[in-house]
Amino acid sequence: MDKMPKWADVVLIPLISLLLAAILSALVILGIGEDPVAAVKLMVDGALGSTYGWGYTLYYATNFMFTGLAVAIAAHAGLFNIGGEGQAMLGGLGVALVCLLIPWPHWTLALVFAALGAGLFGAAWAAIPAYLQAKRGSHIVITTIMFNFIAAAVLNYVLVNLLRPEGSMDPATERFPEAVHLPSLHELLAPIGIEFSKSAPANVSLLVAVGACLFVWLLIWRTPLGFEIRSLGKSEPGARYAGISSVRTIMIAMLISGALAGMMAVNNVMGEAERLVLNATEGAGFIGIAVALMGRNHPFGVFLAAILFGFLYQGGAELALWTSIPRELIVVIQALVILFTGALDNMVRMPLERIFLAMRKGQN
Amino acid sequence: MDFLTIIQLLDSTVRLATPLLLACLAGLFSERAGIFDIGLEGKMLMAAFFSAAVAAVTGNVWLGLLAGIGSSLLLAALHGVASITFRGNQLISGVAINFLAAGMTVLIAQDWFQQGGRTPSLIGGGRFTPFDLPFAESLSGVPVLGPVYSELLSGHSILVYIAFLAVPATWWVLFRTRFGLRLRAVGENPAAVDTAGVSVVGLRYAAVLICGLLCGIAGAYLATALQAGFVKDMTAGRGFIALAALIFAKWRPWHAMGACLLFGLLQAIALRFQNIELGGITIPVQAMDALPYVLTVVILAGFVGKAIPPRAGGEPYVKER
């Protein structure tokens, strides 16, 4: 019998962890001489108070959904994919190549193939760490960290030496052609009579991200492959005993994970910047870790956590704009969320388990 | 490339290898005791900031060093609480510590100095000055060995010598003392150590705190000796290169020194030359940046001898009841 009811595990613990992170963040804001209540008000106003704010919140959330799902699916297989950042960088390269090399007649077609390109490049970047983990037992955390740095060097080289237009000093590709412009939420919602801010970057890839959440949910809980992935994550010897090939399952899980991280590029490279720049990912790969932890590796949880972090990101930008609180406050909040929902999970869990056990004894 | 260029290159290799070496030895203690630490970067960054900040305010670099070590120890203790006491995931705790340091340093720097997340430049007593070995001046005239002694070996900050002395010290502690034997045992088979009546928790905390101490010195070196002040994200992945060096060295102190010198040399080359012409082929500077990581992946893949980490690494120890 479980020590705790399921709702406590799924809802109560993340909420308490989030509360602890929020309290500490408020203390940090107090510590640098600002008013936390005013800060929260400003954040809510800036991120959710207008369609412009929502446009940015949802744009960031789209990035985090992809990277969060990437971490989550690897976690179901018992793997910690910390390489989302590098995989997303390479995904950007895939998108850039698809958009620049082929003259697309319409954005729909371009979107499909750009997503494929991004997924392919991201998966390829996850493939070597996955293979080394599956076949040679090299720790995937270390190899994916190394691959993040290698990806940064590769991208730097490609942008400076190969894809930079002649005469330009900026290490970035040229602008993508007009035909591959993805419709923003403004363009999508205007025909049905909903007014949405013109200048916000949220675009059609939000729907792709929501689709990816659904896909991952189906995959994990409704397919034999998902069952194999979860079995492997719960117990490797158990999975092997049941005839599940660990090499094959690790490879597939990591390839899907890398592809999801790579597909983030459809949003930030194709949807927003419309060209590939250095450091296009802006750490979204790492935020995926916080999002997956917060969302308990469930696609719906990831969806909610991604929107929460999108809000924090946009709110943090507003704070930096209007107060003397630097943007790095978000990094601190992110660290605290990772700390409490991830590393210090037992600190919240152990006392709660005791409380629930005591309550059950009281009933009997 | 003439002789003087080579000397200068090696001189900058030593300077650049020092923070890597300190962080690498820090990781060595922690991982040998079975606690993975990918938070080396964060601890260094935190120490870099606090050492520079305190040195800037007080004008005393030694107080800065102490503050740096203190802040690094605090993060190390946090890692200990999360991964030893609460048996959390050590990797996730390390990730959190890296972000915590990246955010807090800029936040506090902005609050204290209002210079866009940096500290004021350190002058005078706020920095570690070069430390001349005896007779460096008078021997510099001797051909070949003179410049090697006076340019390459002499004239570094005291922390450089501490870092290189820490190598034999680490070897001696780990392989010649009872504490070292127990520390290594706790990373391989904590249950056996527990059975022998030695505290697993105590040993692991000791290892994690030594790790914090060394990371603190590494960070202080970065901000008060190698450079004159703290700037945002100044560790620039050095904690991860140190981690790579640790694996490259297969968790052994002397090899760690070799690996750190090699990676330091790569950094020195990348810093001095941009693209290198080598018999008609141009090696881009990015290849130099990526080489430490590529080499580590190759080692991890087991193509050049297998890198076997301490067996109980990453696993929290749960006492049987």
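Before moving on, here are some points about what is shown:
- Applying the condition of being part of a loop (DSSP other than H, G, I, E, B) and not hydrophobic (A, V, I, L, M, F, W, C) to the range B:122-135 and asking which residue is farthest from B:A163 (Cα to Cα) yields B:P134.
- The helices (runs of 4 or more DSSP H) found wholly in the range B:136-219 and carrying at least 1 residues that are of a type in the set (A, V, I, L, M, F, W, C) and under 15 Å from B:L25 (Cβ atoms) occupy B:158-176, B:178-188.
- Condition check for A:Q87: among the polar types (S, T, N, Q), assigned to a helix (DSSP H, G or I), crowded, with 23+ Cβ neighbours inside 10 Å and away from every other protein chain (no Cβ under 14 Å): yes
- With respect to the conditions (1) without any contact (Cβ under 8 Å) to a residue 40 or more places away in the chain; (2) of a type outside the set (K, R); (3) at the interface with another protein chain (Cβ under 9 Å from one of its Cβ atoms), A:L329 falls short on a single one, namely (1).
- Count of the range B:71-126 residues, restricted to those that are crowded, with 23+ Cβ neighbours inside 10 Å and among the aromatic types (F, W, Y), is 1.
- In this structure, A:V337 does not qualify as more than 16 Å from the chain's Cα centre (by Cα), within 11 Å of chain B (Cβ to nearest Cβ), in contact (Cβ under 8 Å) with a residue 60 or more places away in the chain and buried (at least 19 other Cβ atoms within 10 Å of the Cβ).
- Residue within the range A:40-58 that is surrounded by 14 or more Cβ atoms within 10 Å (Cβ to Cβ) and within 14 Å of another protein chain (Cβ to nearest Cβ) present: no
- Of all residues making up the range B:251-273, the number that are crowded, with 17+ Cβ neighbours inside 10 Å and more than 15 Å from the chain's Cα centre (by Cα): 5
- Screening the range A:135-153 for residues that are modelled with pLDDT of 90 or more and more than 7 Å from chain B (Cβ to nearest Cβ) and picking the one that is farthest from A:F80 (Cα to Cα) gives A:A152.
- Test: B:I69 is assigned to a helix (DSSP H, G or I), more than 22 Å from A:I82 (Cα to Cα) and more than 14 Å from chain A (Cβ to nearest Cβ): yes
- Being surrounded by 15 or more Cβ atoms within 10 Å (Cβ to Cβ), touching a residue at least 12 places away in the same chain (Cβ under 8 Å), touching a Cys at 6+ places or on another chain (Cβ under 9 Å) and farther than 27 Å from B:D2 by Cα holds for only one residue in B:G216, B:G239, B:G212, and it is B:G239.
- Elements of type helices (runs of 4 or more DSSP H) in the range A:163-251, at least 3 residues being within 22 Å of A:N63 (Cα to Cα), in contact with a Leu (Cβ under 8 Å, 6 or more places away or on another chain) and not basic (K, R): A:205-222
The values are calculated or read from the model by the stated rules, or taken from the named source; none is laboratory data. The model shown is predicted, which means the values in this text are computed figures rather than measured ones. Neighbour counts run over all protein chains shown; Cβ positions are idealised from the backbone, glycine included.
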